[in-house]
Amino acid sequence: MKIGIQMLFQNAGNMSDAELYQQELRVAELAEPLGFDTIWSVEHHFDGYSMCPDNTQFLSWLAGRTKKIGLGTAAVILPWNNPLRVVEKMILMDHLSGGRAVFGMGRGLARMEYRGFMMDMNEARGRFDESAKMILSGLETGVVEGKGPYYPQERIEVRPGPLKSFKDRTYCVAMSPDSVEVAAELGATMMIFSQFKAEAVKPTFDTYRRVFREHHGVDAPPPMVIDFMFCDRDAARAEAMARPHVIGYFASVLTHYEMLDEQFGKAKGYEAYATAREMMKAAGKEASAETFLEAQAWGTPQQILDRLEHRREILGDFEMNLCVSYAGMRYEDIEPSVRLFTKEVLPEIRTWRMGETSDAASSRSESFAESAAK
């Protein structure tokens, strides 16, 4: 199982932007020495909800401070970026890192960010679909061209040219039903945030795997699940830290994306989100927050393993991407949590094999728990 850390750069208002950035850079530099596979970075604009307007710039800085960890964009929001420039930046980052770049793409959901770019959100699906094809072709061939209405581009060769193929290093955020199918059609690994119990997510995984096989004739790669993680030996303290911070993050999502506003989900291509808004309003904010909290990977090492094993039993193989710093969490709490996870959770997860039965995984986990208790 591949496991990464996702950087959010979220400023909850308890420190300056400069202080927040210095803390996040320290967190990012924990990832390689602690054995994570990839460090990922979001792209967001204009709000303390998440402050990384150029993830390729951040990851290129990190490339010079690391040697082997993968460097992933989670994600480049295609409608906000010129496809030619995306190809150039990703290929350059691949050269700077010695082939460690991982390309993740998304469509974007926040009206305030679309407004900031003076862009019609109704064009988002069309822009994404047109741009994605241009970029994926350009990353493979080094040539970018387009005849569509949004990004007309005369055939041009980028330099430096591609270092190697991105075909096994391409991801796509898929938080709506149509995006799930688009990710599969593009041959990308699906990325989703953990929001609900595994049983509720299974139809999404099943659709992605079915559509991927229909288009490519092979099994889909394990989808990536993005979790909010906090780990502590004491169950009570783990909950005391996870509950306010995870729910605090959830509250920031509602605000940033205006999810309870009547206009949410009204843009073309975002209709599924309107249904989600109505479901959330019917359930209530508190119940929705609890559902989100219970879907995350937090607790003692064994509690986290139990959560992940149950998920794997329902969903099959998946990748993990951990948000470890969020909603005003301080470095003095973040670092011990990450170190404990890598000491007592990561080694067990590393033993899980693709397609292994849940009974075998459970048996090994029991042995691990017994040895840890001695």
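The values are calculated or read from the model by the stated rules, or taken from the named source; none is laboratory data. Note that this is a predicted model, so its numbers are computed, not measured. Glycine also receives a Cβ, built like all others from the backbone with ideal geometry; neighbour counts cover every protein chain displayed. Just so you know, the surface numbers come from the protein's heavy atoms only, side chains and all, with ligands and any DNA or RNA stripped out. Shrake-Rupley method; radii C 1.70, N 1.55, O 1.52, S 1.80 Å.
Could you tell me which residue of region 119-149 is nearest to Ile77 (Cα to Cα), considering only residues that are β-branched (Val, Ile, Thr) and in a helix (DSSP H, G or I)? Quick ask: steps written out before the conclusion?
To start, the set of residues in region 119-149 that are β-branched (Val, Ile, Thr) comprises 135, 141, 143-144.
Still in the list and also in a helix (DSSP H, G or I): 135, 141.
Details: Ile135: 12, Thr141: 22 Å.
Going through the qualifying residues, I end up with Ile135.
Residue-level check: of (1) surrounded by fewer than 16 Cβ atoms within 10 Å (Cβ to Cβ); (2) part of a helix (DSSP H, G or I); (3) touching a strand residue (DSSP E or B) at 6+ places or on another chain (Cβ under 9 Å), Glu154 misses just (2).
For every residue, the table says whether it meets (1) open to solvent by 80 Å² or more (accessible area, probe 1.4 Å); (2) within 24 Å of Leu71 (Cβ to Cβ).
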site	(1), (2)
Met118	yes, no
Met121	no, no
Ser131	no, yes
Leu139	no, yes
Val144	no, yes
Pro149	yes, no
Ile192	no, yes
Glu199	yes, no
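Just one residue in the set Val182, Val211 is assigned to a helix (DSSP H, G or I), touching a Cys at 6+ places or on another chain (Cβ under 8 Å) and either closer than 23 Å to Gly355 by Cα or free of Cβ contacts under 8 Å to residues at least 60 places away in the same chain (or both); that residue is Val182.
Wholly within region 1-116, which strands (runs of 3 or more DSSP E) include no fewer than the required count, namely at least 1 residues that are in contact (Cβ under 8 Å) with a residue 24 or more places away in the chain, of a type in the set (Ser, Thr, Tyr) and open to solvent by less than 30 Å² (accessible area, probe 1.4 Å)?
Values: elements: 3-7, 38-41, 70-73, 101-106.
Output list reads 38-41, 70-73.
The set of residues in region 228-281 being closer than 26 Å to Asn122 by Cα and among the charged types (D, E, K, R) consists of Glu258, Asp261, Glu262, Lys266, Lys268, Glu271, Arg277, Glu278, Lys281.
How many residues, within region 270-312, are on the phi > 0 side of the Ramachandran plot and under 21 Å from the mean Cα position of the chain (by Cα)?
Of all residues in region 270-312, those on the phi > 0 side of the Ramachandran plot come to 284, 299.
In the following step, the residues that additionally are under 21 Å from the mean Cα position of the chain (by Cα) were identified as 299.
Within region 270-312, residues that are on the phi > 0 side of the Ramachandran plot and under 21 Å from the mean Cα position of the chain (by Cα) number 1.
Scanning region 265-294 for residues that are in contact (Cβ under 8 Å) with a residue 40 or more places away in the chain and not charged (D, E, K, R) yields Ala267, Gly269, Tyr270, Ala272, Tyr273, Ala289, Thr291, Phe292, Leu293.
Name the helices (runs of 4 or more DSSP H) wholly within region 237-343 that hold at least 2 residues that are open to solvent by less than 30 Å² (accessible area, probe 1.4 Å) and among the charged types (D, E, K, R)?
On the way: elements: 271-283, 285-294, 301-315.
Helices (runs of 4 or more DSSP H) meeting the threshold: 301-315.
Number of residues in region 220-236 that are buried (at least 23 other Cβ atoms within 10 Å of the Cβ) and not in a strand (DSSP E or B): the value is 1.
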